[in-house]
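Here, each number is a calculation from the coordinates, and none is a lab measurement. Since we're looking at a predicted model, the values are computed, not measured. Cβ atoms come from the backbone with ideal geometry, glycine included; neighbour counts cover every protein chain shown.
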């Protein structure tokens, strides 16, 4: 096992710079997820670490060793591909053993390690089958087994669950998590699925257009997004952002004002962010010393089972609320305007120029 | 006209002949068959009949041009004659086997690495290069054979000119390459040279075709497999042996089958290169040539038909064997 350090990493394809400046230190044994929309450079970063993509600029260290010029096999990494990339003409056993065979590991040792991996991943009854005779989840496990037997220093996962159906994705997610807990190997995992990122990661790295938008624990990222991009990218439905003004610790949205419990610098052009799940119809449902209220124009109400999905408009911006159906207020009858309540400690403020979060004054 | 009126009128018309009745009429019933019949008629006359008639012929003796009633039923005598007594047939089979192997094996042994090279080393110019390799395949085999005949000509051929010039290089009165290269013009029509020459022409003609087949198969192998193998520590040559070759197996089966069928029926190249005679000592005579000469020179259609059926069985057996070796196993 080893730590991984990226230092000012860059990748250009011709004129296009895909990864612009990537600095990150991954601790030994840590599970880090690279999360971002398509084309943000997350897979490219992973592939540079794997050695499958040349590095345009910057350095990558695995442990203490600079690996920029090392061949993939010399880096002692193992990778699980989105397509699984199982060798179709080899049995499960041969697939798992292939890497060991290539690196001339002793036959008995290969047997032992394949058996260990197969037991751990419940692949033992499938060892003589060919990949085409396996289900998606089983193929995924074989791909993990193939990565595991090599006892690599770093595990790389490139969107490993995106070819699976939603139900299987959930159970495979749990398997990956438990595997990491058992093996404790440093892991870098690429995905565009925020649920995977939130559930698996020790730390999440959110990428946007080749830059790191934020690094933090899943809780940090959700509760304290560093900028508007992270705020809207994480959470479904996405966070409501309404243009506002900050004056004397008051947020002014059109005619409505909210008195904030903490002190802020004045800001003429900012955005107020409230998560749809933080909104209530009934102020008594909120346990807080500071409760805010906003009146929103209703555009439509949908029942999603556990919640009512209220779509509305506030100060010209879309404003969405997810209200638990257990809330005693009946929203289906609401038309025109609705009053929505929320904990003022849970609102977010962003500077509209740079998009960065505005933090309260410390004193 | 009101709707009620028109509704009343329709049954009056259909009383004569409803749509269903009209479709059931004789003309309609037969029309589809009439429209598809040209193919079946032509196939029956020029495909199926000769095929079945050749079975009939192979069991008879006599000149078929003199009428069927002049032919005599001889059972398997034609086949027995071929097996036991027809030395030229035996020679032609040996020649065919020799030529099939000598031209067929290099076709694949060279086409696969060549395709791998084109696949990995060429990007923008790939299609032009493949096109160049493919040209011999779409060129008339007669033209090719004529060109090669003149290239291999004893007195005026370019090949003899080059070889003898190398062989005659003199350094201080010695000819250091004389032991390897000829110093006098070679008669390529001699029995020991004619087969390699034919094999070379056939190889040259089909290597591009096989390269295209293998290249197209290589392009379908997912890039991920090579990346996974790279991460697994496989060097490029190991990737070729462990990933590329096994993934080419279905295409190998197809390409080798085509080669077996094509090479065992080899006709144009040896026919033109040997001037239709089979060459000195029949060294360049293939089974297909023997068939042709037996039928159209000697007029023995019975034996010729037996040759064609024997050839069919040999091809069938070899294709079956090929299927056992390279075919999909499930």
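Could you give the length gained by full extension between residue B:48 and residue B:298, i.e. 0.36 nm per residue of separation minus their alpha carbon distance, to one decimal place?
Details: separation 250, 0.36 × 250 = 90.00 nm, distance 2.48 nm.
Using 0.36 nm per residue and subtracting the Cα-Cα distance, I get 87.5 nm.
Could you work out how far helix A:107-120 tilts from the main Cα principal axis of chain A, as a 0 to 90 degree angle to the nearest 10?
30
In percent, what relative contact order does the range B:105-224 have, based on Cα pairs under 8 Å that are 6 or more apart in sequence? Please list the in-between numbers first.
Numbers: 110 pairs, mean separation 48.3, N = 120.
Averaging sequence separation for qualifying contacts and normalising by length gives 40 percent for the range B:105-224.
Please give, to one decimal in nm, the separation of the simple spin-label points placed at residue A:335 and residue B:63, each 7 Å out from Cα toward the Cβ.
10.6
For residue A:269 and residue B:117, what is the calculated FRET efficiency with R₀ set at 60 Å and r taken between the beta-carbons, to the nearest 0.05? List each step's numbers first, then the result.
Working: r = 62 Å, r/R0 = 1.03.
About 0.45, to the nearest 0.05.
Can you give the mean number of other chain Cβ atoms that lie within 10 Å of the Cβ atoms in peptide A:84-91? Please report the intermediate quantities before stating the final value.
Working: counts 2, 10, 3, 8, 6, 7, 3, 0.
Whole-number average of other-chain Cβ neighbours for A:84-91 is 5.
How high is the FRET efficiency from residue A:243 to residue A:297, r the C-beta distance, R0 22 Å, rounded to 0.05? Before the final figure, lay out the partial values.
On the way: r = 15 Å, r/R0 = 0.70.
FRET efficiency, residue A:243 to residue A:297: 0.90.
Where both partners of a DSSP beta bridge lie in the protein assembly as shown, what percent of those bridges are antiparallel, to the nearest 5? Could you put the intermediate results ahead of the total?
On the way: 63 of 82 bridges.
Once the DSSP bridges in the protein assembly as shown are tallied, antiparallel ones form about 75 percent.
Fully extended, how many nm does the chain gain between residue A:290 and residue A:304 (0.36 nm per residue separation, minus their Cα-Cα distance)? Before the final figure, lay out each step's value.
On the way: separation 14, 0.36 × 14 = 5.04 nm, distance 2.91 nm.
Taking residue A:290 through residue A:304 to full extension adds about 2.1 nm, to one decimal.
In terms of the ratio Rg/(2.2 N^0.38 Å) built on C-alpha atoms, what value belongs to chain A?
Working: Rg = 24.4 Å, N = 363, 2.2 N^0.38 = 20.7 Å.
Compared with the compact-globule rule of thumb, chain A sits at 1.18.
Order by neighbour count: A:129, A:284, fewest other Cβ atoms within 10 Å first, most last.
Values: A:129 15, A:284 9.
The most exposed by this proxy come first: A:284, A:129.
What nm distance separates the two modelled labels at residue A:56 and residue B:76, each placed 7 Å from Cα along Cα→Cβ?
That separation, rounded to one decimal, is 7.6 nm.
Would you calculate the volume per residue, in Å³, of the smallest convex hull containing every Cα atom of chain B?
Numbers: hull volume 107.3 nm³, N = 330.
Taking only Cα atoms, chain B has a hull volume of 325 Å³ per residue.
With only alpha-carbon pairs counted, each pair once and no self-pairs, how large is the Kirkwood hydrodynamic radius of the protein assembly as shown in angstroms? Show your work: numbers first, answer last.
On the way: mean 1/r = 0.0298 Å⁻¹.
33.6 Å is the Kirkwood radius here.
If I take R0 = 45 Å and measure r between the Cβ atoms of residue B:142 and residue B:171 in this structure, what FRET efficiency does the formula 1/(1 + (r/R0)^6) give, to the nearest 0.05?
Details: r = 43 Å, r/R0 = 0.96.
Efficiency for this residue pair is about 0.55.
What is the average number of partner chain Cβ atoms found within 10 Å of a Cβ in B:230-243?
On the way: counts 8, 19, 17, 13, 6, 3, 0, 0, 3, 1, 0, 0, 7, 5.
Taking all residues of B:230-243 together, the mean is 6.
What is the order of A:172, B:197, A:1, fewest Cβ neighbours within 10 Å to most?
A:1, A:172, B:197
Quickly estimate the mean residue ellipticity at 222 nm for chain B, helices only: each DSSP H run with n ≥ 4 gives -39500 (n - 2.57), and the total goes over all residues, rounded to 500.
On the way: 16 runs with 228 residues, N = 330.
Result for chain B: -22500 deg cm²/dmol, rounded to the nearest 500.
Just subtract the alpha-carbon distance of residue B:56 and residue B:124 from 0.36 nm times their residue separation and send over the number in nm, one decimal.
Details: separation 68, 0.36 × 68 = 24.48 nm, distance 5.61 nm.
My answer for the length gained is 18.9 nm.
Kindly rank B:117-129, A:203-215, A:249-261 from highest to lowest mean number of other beta carbons found within 10 Å of each residue.
Numbers: B:117-129: 12.2, A:203-215: 21.2, A:249-261: 15.8.
Final packing ranking: A:203-215, A:249-261, B:117-129.
Arrange the following residues from fewest to most other Cβ atoms within 10 Å of their Cβ: A:323, A:77. Walk me through the numbers on the way to the answer.
Working: A:323 22, A:77 27.
Ordered by Cβ neighbours within 10 Å, fewest first: A:323, A:77.
Name the residues of the range A:64-94 whose amide N is less than 12 Å from a point 7 angstrom out from the Cα of residue A:28 along the C-beta direction?
A:64
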